1. Val82: touching a His at 6+ places or on another chain (Cβ under 6 Å) and in contact (Cβ under 8 Å) with a residue 12 or more places away in the chain, yes or no?
2. Report, ordered by the first and then the second residue, all pairs with beta carbons closer than 8 Å, sequence separation of six or more or different chains, a first member in segment 32-46 that is in the same structural domain as Tyr59 (by TED's automatic domain parsing) and more than 11 Å from His108 (Cβ to Cβ), and a second member that is among the β-branched types (Val, Ile, Thr) and part of a loop (DSSP other than H, G, I, E, B).
3. Could you list, in sequence order, all residues of segment 51-66 that are assigned to a helix (DSSP H, G or I), over 19 Å from the mean Cα position of the chain (by Cα) and surrounded by fewer than 15 Cβ atoms within 10 Å (Cβ to Cβ)?
4. For segment 166-207, how many residues are loosely packed, with under 12 Cβ neighbours inside 10 Å, under 26 Å from Leu111 (Cα atoms) and of a type in the set (Ser, Thr, Tyr)?
5. Please indicate, with yes or no, whether at least one residue in segment 143-157 is in contact with a Lys or Arg (Cβ under 6 Å, 6 or more places away or on another chain) and not assigned by TED's automatic domain parsing to the domain that holds Leu39.
Amino acid sequence: MTRLPESWSGPERAASKRRPLSRDRIVEAALAIVETEGLDALSMRRVAQELETGAASLYAHVSNKDELLEQLLDRVYGEIAVERPDPERWQEQLKDHLRRARTVLTAHGDLARAAMAATVPVSPHALDNAEAVLGLLKAGGLDDRTASYGVDVLSMYVTATAVEESTRGDLDAGQVQEYSDRVRSYFASIPAGRYPLVTALAGELTRNVGDERFEFGLDILVAGLARRAGTAGAPGTEVP
């Protein structure tokens with residue numbers, strides 16, 4: 001007599017194609033959430049939902065949200081290319097590095113807000129970038145203290161710019177221009193007797209031409225650092 005199975009199993013189940021959970025997958029999912037929904041939407045629960053698992057399963061790979069943000073930032077900092085310092089062109093190299101850093105930060109939603117809060121680089125790729133900027137500043141002949149202060153100021157400038165730009169991430173060029181026009185009109189309408197310079201300079205204060213404002217700040221900062229080492233093009237010369 002043929003033995004009957006306990007139950008009818010039907011066709012053989014296909015093997016699961018789900019990728020095993022890992023720190024890289026968690027960071028990948030978290031970055032996608034930040035880019036599409038914003039930093040405020042990021043949570044361990046939301047990442048677990050994206051990965052179709054339970055939040056508790058994430059903690060075997062990432063201890064908490066703070067560590068997750070650190071890993072996110074490290075992933076992003078790893079996208080910034082670095083180059084060997086050349087004392088003859090360290091200023092242009094420095095500007096190029098900061099432009100790349102800004103481009104990378106602004107490419108990932110409002111993640112720059114987390115970079116602003118982090119303040120001190122501790123992860124490998126963040127330290128790679130700090131090392132690269134310090135190397136360029138030292139190639140320019142800056143003393144240790146100036147280089148140390150300089151890397152901090154430059155990092156804050158780039159990060160603050162990226163944070164500001166991220167607030168306009170969902171706006172197209174026309175909407176940004178419309179907002180600038182409204183601010184200009186408001187500045188022009190306030191009491192000129194109390195705010196003579198703001199009203200007179202309303203057009204310049206709201207000028208919005210590509211990267212012009214960022215490049216202006218970059219020129220000022222790098223030129224100022226170069227002067228601390230001596231005249232531009234002559235690194236190591238002391239300023240009288």
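1. Considered against the rule, which asks whether it is touching a His at 6+ places or on another chain (Cβ under 6 Å) and in contact (Cβ under 8 Å) with a residue 12 or more places away in the chain, Val82 comes out as no.
2. Within 8 Å, the pairs are Met44/Val62.
3. Kept after step one, since they are assigned to a helix (DSSP H, G or I), are these residues of segment 51-66: 55-58, 65-66.
Filter once more, keeping what is over 19 Å from the mean Cα position of the chain (by Cα): 55-58.
Matches in segment 51-66: Ala55, Ala56, Ser57.
4. The total comes to 1.
5. Start the filter on segment 143-157 by keeping residues that are in contact with a Lys or Arg (Cβ under 6 Å, 6 or more places away or on another chain), which leaves 146-147.
From what is left, the residues that are not assigned by TED's automatic domain parsing to the domain that holds Leu39 are 146-147.
Taking every residue of segment 143-157 in turn, at least one turns out to be in contact with a Lys or Arg (Cβ under 6 Å, 6 or more places away or on another chain) and not assigned by TED's automatic domain parsing to the domain that holds Leu39.
Table: residues versus (1) in the same structural domain as Val158 (by TED's automatic domain parsing); (2) more than 17 Å from the chain's Cα centre (by Cα).
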residue: Leu68; (1), (2): no, no
residue: Arg75; (1), (2): no, no
residue: Glu79; (1), (2): no, no
residue: Gln91; (1), (2): yes, yes
residue: His97; (1), (2): yes, no
residue: Thr103; (1), (2): yes, no
residue: His108; (1), (2): yes, no
residue: Leu111; (1), (2): yes, no
residue: Ala114; (1), (2): yes, no
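The values are calculated or read from the model by the stated rules, or taken from the named source; none is laboratory data. Values in this document were obtained by computation on a predicted structure and should not be read as measured data. All Cβ positions, glycine included, derive from the backbone under ideal geometry; neighbour counts span all protein chains shown.
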